[in-house]
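Some notes on the structure that comes next.
The values are calculated or read from the model by the stated rules, or taken from the named source; none is laboratory data. Given the structure is predicted, the values throughout are model-derived calculations rather than measurements. Note that we place each Cβ from the backbone using ideal geometry, even for glycine, and neighbour counts take in every protein chain shown.
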Amino acid sequence: MGVDMSCTSDADELAAALRAHRDGRLAEAEALYRRVLDRAPGEPMAPYLLGLLTLSDGRAAEAEMLLRYALALRPHDTDTSRALARACAATGARGEAIDLYRAVLAARPDDAAAGVNLANVLRDEGALAEAEAACRAALALRSDLMEGHVTLGSILLAAGDATSAVDAYRAAVALRPDSAVAHTGLGMALLHAGQAAEALDASGTATLCGPALAEAWFVAGTALRALGRAGEALDSLQRAVRLDAGHARAWMNLGHAAADLDRPAAAENYLNEAIARDPGLAEAHASLGAVLTEAGRLPAAVAACDRALALRPGMAVAHWHRAVAHLLAGNFAAGWADFEWRKRHLRFAAHFRPLDGTPWDGGALVGRSILLRAEQGLGDTIQFARYVPVLAAMGARVVLACAPALASLLAQLPAEIVPNAGHLPATDCWADLLSLPYLLGTRPETIPAPEGYLCPPPGRRVTRAGLARGGLLRVGLIWAGNPAHRNDTRRSLPGRAVAAILAAAEAAPGLRFTSLQHGPRGAEAAALYDLPDRSADMTDFAATAALIDGLDLVVAADTAVAHLAGAMGKPVWLLLPFAPDWRWMAGRADSPWYAGMRLFRQSAPGDWGSVAARVAAGLIARCGAAGDASRAVAGMPSAAAAATPAPQAMPIAATRGDQPRGAARLVMS
């Protein structure tokens, strides 16, 4: 752009302003530009250059005004048009920005940088196919344009093609190995591709190349959390918000990391910070719903999820979190409806591959065949297998597809049992097993068969004497679940708590424990707790049922064995973390799913000590009662009567009203 100045002093001052601008003395440059603009309002260079300065300084609205003025003075100047397009994009006037960029490209079709900028705006408008085409056209002109590869990566990532996005960002890194932006984009693409360790490497390089780039620390923190390193994630994300206090997603992920560390108050504060900075961030509202559910504030949790869904209708994770809050509160009608959205939740979607045939809508089944597809864990299958007799009673021929480990146990149900892997048989209709409460309108008071619906197969029973000889109270104990479970660190008991429960046998000689621990931690029975390791006997769930059948009581962490004992109608004492699964509801010491189950809840996150103490006291009391009953049958005085001529109080287990409240643990997406 040429300069035709009538006043030499104005030309000199403009030149001085430009030198100051290039040297980074921005305040001086701005003052000089404004003086020239005041003296020579018809001169186009001053508003143009001042527009560039204010745009780079983050004052997009002011820049837009100045650049419009400059363009009015020189309507056909492509540099001014391109700068105005940038300002319009920054102020949200994306439609006008697109038109301006297209006009620039019409005049200068070889302007690759304008093509990349056009692609950025089209991406932000959601026109991903057009954006990709514009970006590839620019890269065809300038394949060495690093910014073009970064933009292409962002477009591909927005389109859900993480693999191709990784390739685009790798091309950018190859061109500029010292680019923090390129390494940051690569880290984000690797995260979306499920390669968290590689994402951490890329974002770590980004923080070295550009330690002041908040986005690099954000990606690093997100990768650390994905790797289960929540404490380190917290540090990286705090660095991100120190660098950019307006980074709403960094605040949100701080909330996620704090929740992972069982710091619910901090998690709530961080999520509220995210929402304050971006009230339209639907994910933050949904995550707040999860945290409030964890704190037991269920109406507030539902309201937070409602706000998320108002912002983004059809958001599966918000429906899921709201389902959990409703089900915990006993609001089954709304809860089961939201629970159906699990099929679109990334955590569960793999369980729901498309099936041939017609999904069942809850209608008549007389004379029809129905395939029930088990989903999620083995405990879920056991819990919801109670619906098989219900459908059979409706006149259906039921086919249940489940894990082979459950086949022998569930063969007693009125259903054909088939493996859930591979090809499934054709039926008139099908349903996912955990959708049956929704389809049948189940309420807490209408749950089928809470008294029990399974027993050991014939010929697989174990005698009581074979379990614990001479014991007055035979108790099966399982203290840990599958270590691969995402919530195992919260639901499995630490060694101190297990030892405290086993110590009850010292105060109650008639108490006999049998280990029901199996899988990777089965060897702990003998190695840590001096119990016989029965894991080799539990070859499948039918064999485990046979062991349970000879027991008086099962004390269990939240595992499939707990569901099995409950489904057999056995007394079960279930040991729950402060924020347990949705199915155990809130504020109850019993469960409508299993009539013989009693719930022992943590009074605070991680407080297994009080749970173990209450269980041990309850076992001692129950063993004492069993001993008195045994002596009464034999015509002998009770232990208390033999010890003292007067009645003596005995320790009793906590009643239902003594149980503290808990709420569901959710992993936010």
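Report whether or not residue 306 is outside the structural domain of residue 436 (by TED's automatic domain parsing) and surrounded by fewer than 19 Cβ atoms within 10 Å (Cβ to Cβ).
Details: outside the structural domain of residue 436 (by TED's automatic domain parsing): yes; surrounded by fewer than 19 Cβ atoms within 10 Å (Cβ to Cβ): yes.
Judged against the criteria, residue 306 is a match.
Taking helices (runs of 4 or more DSSP H) that fall entirely within the stretch 21-114, which contain at least 2 residues that are farther than 27 Å from residue 133 by Cβ and in contact (Cβ under 8 Å) with a residue 24 or more places away in the chain?
Details: elements: 26-39, 45-56, 60-73, 78-91, 94-107.
Because the criterion is at least 2 residues that are farther than 27 Å from residue 133 by Cβ and in contact (Cβ under 8 Å) with a residue 24 or more places away in the chain, the helices (runs of 4 or more DSSP H) in the stretch 21-114 that meet it are 26-39, 45-56, 60-73.
For the stretch 475-572, list the helices (runs of 4 or more DSSP H) that sit wholly inside it and hold at least 1 residues that are touching a residue at least 24 places away in the same chain (Cβ under 8 Å) and hydroxyl-bearing (Ser, Thr, Tyr); which are they?
Result: 524-529, 541-549.
List the helices (runs of 4 or more DSSP H) that sit entirely inside the stretch 278-328 and contain at least 2 residues that are closer than 21 Å to residue 247 by Cα and touching a residue at least 24 places away in the same chain (Cβ under 8 Å).
Details: elements: 282-294, 298-311, 316-328.
In the stretch 278-328, the matching helices (runs of 4 or more DSSP H) lie at 282-294, 298-311.
For the stretch 563-577, which residues satisfy the criterion of being closer than 25 Å to residue 262 by Cα and in contact with a strand residue (DSSP E or B) (Cβ under 7 Å, 6 or more places away or on another chain)? Reasoning before the result, please.
In the first step, residues of the stretch 563-577 are kept if they are closer than 25 Å to residue 262 by Cα; the result is 573-577.
573, 574, 575, 576 - these are the residues of the stretch 563-577 that are closer than 25 Å to residue 262 by Cα and in contact with a strand residue (DSSP E or B) (Cβ under 7 Å, 6 or more places away or on another chain).
Yes/no matrix, rows are residues, columns are (1) in the same structural domain as residue 514 (by TED's automatic domain parsing); (2) within 22 Å of residue 518 (Cβ to Cβ); (3) not aromatic (Phe, Trp, Tyr):
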{"position": "574", "(1), (2), (3)": "yes, yes, yes"}
{"position": "577", "(1), (2), (3)": "yes, yes, yes"}
{"position": "581", "(1), (2), (3)": "yes, yes, yes"}
{"position": "584", "(1), (2), (3)": "yes, no, no"}
{"position": "595", "(1), (2), (3)": "yes, no, yes"}
{"position": "598", "(1), (2), (3)": "yes, no, yes"}
{"position": "601", "(1), (2), (3)": "yes, no, yes"}
{"position": "607", "(1), (2), (3)": "yes, no, yes"}
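Among the listed residues 278, 262, identify the single one that is among the acidic types (Asp, Glu), within 18 Å of the chain's Cα centre (by Cα) and surrounded by fewer than 21 Cβ atoms within 10 Å (Cβ to Cβ). Don't jump to the end; show me each part of the working.
On the way: 278 fails: within 18 Å of the chain's Cα centre (by Cα).
When all the criteria are applied, what remains is 262.
Looking at 366, 418, 388, can you tell me which residue is β-branched (Val, Ile, Thr) and buried (at least 20 other Cβ atoms within 10 Å of the Cβ)?
Details: 366 fails: buried (at least 20 other Cβ atoms within 10 Å of the Cβ); 418 fails: buried (at least 20 other Cβ atoms within 10 Å of the Cβ).
Result: 388 is the single residue among 366, 418, 388 that is β-branched (Val, Ile, Thr) and buried (at least 20 other Cβ atoms within 10 Å of the Cβ).
State yes or no: is residue 235 surrounded by fewer than 24 Cβ atoms within 10 Å (Cβ to Cβ), among the charged types (D, E, K, R) and outside any helix (DSSP H, G or I)? Don't jump to the end; show me each part of the working.
Details: surrounded by fewer than 24 Cβ atoms within 10 Å (Cβ to Cβ): yes; among the charged types (D, E, K, R): yes; outside any helix (DSSP H, G or I): no.
When the stated conditions are applied, residue 235 does not pass them.
Which one is nearest to residue 593 (Cα to Cα) among residues in the stretch 335-394 that are in contact with a Phe, Trp or Tyr (Cβ under 6 Å, 6 or more places away or on another chain), in a helix (DSSP H, G or I) and hydrophobic (A, V, I, L, M, F, W, C)?
336
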